Amino acid sequence: MKDSACERWAELADRVAVGEVLTPDESRFETDHVAECAACAAEARVWAELGNVLPGASEPFPAIDTDRAQRPAVGHAKRTRQGIFAAAVAAAVVAAVAAGEIWHDERRVDAPERSATGRAVPVDLVLVSGEVRVHGIQAAAGASLGPDDSVRIGRGRACLAYPQGISVCGSNGSELELRNAENGNVRLALAAGSVLCRLEPQPLGTHFSVETGLGRVSAKGTVFAVEQLTRTEFAVRAHQGTIELETNSGERRLLRAPAAAVLGEAIREAPPGGEAWQVEARLGELAKLWSADAAAPVDLATVPSGARVTVDGIDLGEAPVSTLLGRGEHETVASYPGLETARERFVVKGAERVSRTLELRPVRTTPLPVARPASAPGVGSARPSASALLGRARSLRSAGRYREAAAAYQELASAYPGSDLSRVALVSLGELQLSQLGQPQAALKSFERYLAGGGSLTQEARYGRIRALAATGRTQAAREATDQFLHDYPGSAQAESLRHGAERR
């Protein structure tokens, strides 16, 4: 099938195979084309024959569609591509690996047992940021992985690329296990954490699945995410296209974007949106870096380590970073609190490995006068503006003059109690009191003053309050605040830090 009409017919047939309902015009084209094209008609007959052989292939299953729009019904043969697709993914997930095996805060769900059948699909490790291990060894971009390889991500991020136009990214606390392809199904097991998957339209008769100990999520061409919530539940979010959910008991649902659901013993609908949705949308931008010509591994380090690194405007995470890039000129930017941003342009000429180290220097500051108490009204010079006070506080803090910086923040909060800058100053003051001055009780008051009025820094203030509560010995209050924070901001960097802190305790 080389002409455009045949290609369109194949695309429509594949859409039907994953449960989409065609418009009347599309359905009419599909029927008319099969009547005119002998090659497509022959293929349609093959699918029809397979549908008659596979038991239960035409059994319908419900769909979750947040759109709820009424779609015109389109008639199809009793045994359709959709039925064949459903039968192909209906096999139950087999027994879990080693009983009692737990990794990462005891929330790991044992992955499905590896299958000895099927063929190997080469997979490239295209991004490594922070702590990422394969076979217990720190990994680097450019490595080629195969079935039974496991990628464990500590505090960091990793992305995989399949030759079929499939990319998968996982982050903090995730464990991904590669599987053999089976019956046209490219498979990846999620043992812990979360993954974001981006698929180009897949070849006829193939699809991609993320398998868990509770069931699987399958697609042919879409963007979706799977995240472990507890040992008994996984969140599934469809950003684009249509995906199929299947539990171990055989319950199946279609999820049409934008939509979300929870996969457990059963499948239940969930509202789309929220912080995780936004984080995944940004993570999806990473796929732009490893196009078909991305053949050169690039290692990026910073001094000090841990700086935030972007390449060509795309956030890759904290250094050290290793990724695959295409030929041509690229720009990397590294940033770290309290240090000047570092930038460097470099050229990728071929497939040889490129290494760059960016050194971040302290922010240049000019000597500042010692902060003095504000003059009484009508006496001496005019009171500094709120922005001037905030600028003074930040400069003093960058210069390491922490007590003077705290005094400037306090002066701002007192002199302009209703301003937005004064509200921001409370969070900065709390961090200074907690981290540099060793005054957790004072920090707790600063964070709670901010939270009493709310604002755009509520997440940061709540995180600071939890740490201040713990530092003052109020363990139960800190634990309760932590549980609520993890519920409200599950995908944040602060949440991951709190989970690691809980593990250490």
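The values are calculated or read from the model by the stated rules, or taken from the named source; none is laboratory data. Bear in mind the structure is a predicted one, so any value in this text is a computation, not a measurement. Positions of Cβ are backbone-derived with ideal geometry, glycine not excepted, and every protein chain shown enters the neighbour counts.
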Item to complete: Might you let me know whether segment 140-152 holds any residue that is at pLDDT 90 or above, outside the structural domain of Asp315 (by TED's automatic domain parsing) and polar (S, T, N, Q)?
Response: yes
Worksheet item: Among the residues of segment 7-40, which ones are modelled with pLDDT under 70, part of a loop (DSSP other than H, G, I, E, B) and of a type in the set (A, V, I, L, M, F, W, C)?
Response: Val18, Val21, Leu22
Practice prompt. Kindly list the number of the only condition in (1) within 19 Å of Ser322 (Cβ to Cβ); (2) touching a Phe, Trp or Tyr at 6+ places or on another chain (Cβ under 9 Å) that fails for Arg198.
Written response: (1)
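Would it be correct to say that Ser446 is hydroxyl-bearing (Ser, Thr, Tyr), surrounded by 16 or more Cβ atoms within 10 Å (Cβ to Cβ) and within 23 Å of Val363 (Cα to Cα)?
no
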Worksheet item: Can you find even one residue in segment 447-461 that is in contact with a Phe, Trp or Tyr (Cβ under 8 Å, 6 or more places away or on another chain), small (Gly, Ala, Ser) and at pLDDT 90 or above?
Response: no
Worksheet item: Which one is modelled with the lowest pLDDT among residues in segment 348-389 that are of a type in the set (Val, Ile, Thr) and either on the phi > 0 side of the Ramachandran plot or exposed (fewer than 10 other Cβ atoms within 10 Å of the Cβ) (or both)?
Response: Val379
Response to the item:
Among (1) closer than 23 Å to Val123 by Cα; (2) surrounded by fewer than 22 Cβ atoms within 10 Å (Cβ to Cβ), Phe208 falls short only on (2)
Response to the item:
Log entry, pairs with first residue in segment 343-359 being within 17 Å of Ala141 (Cβ to Cβ), second being among the hydroxyl-bearing types (Ser, Thr, Tyr) and at pLDDT 85 or above, beta carbons closer than 9 Å, six or more apart or on different chains, reads Phe346/Thr332; Arg356/Thr332; Thr357/Thr302
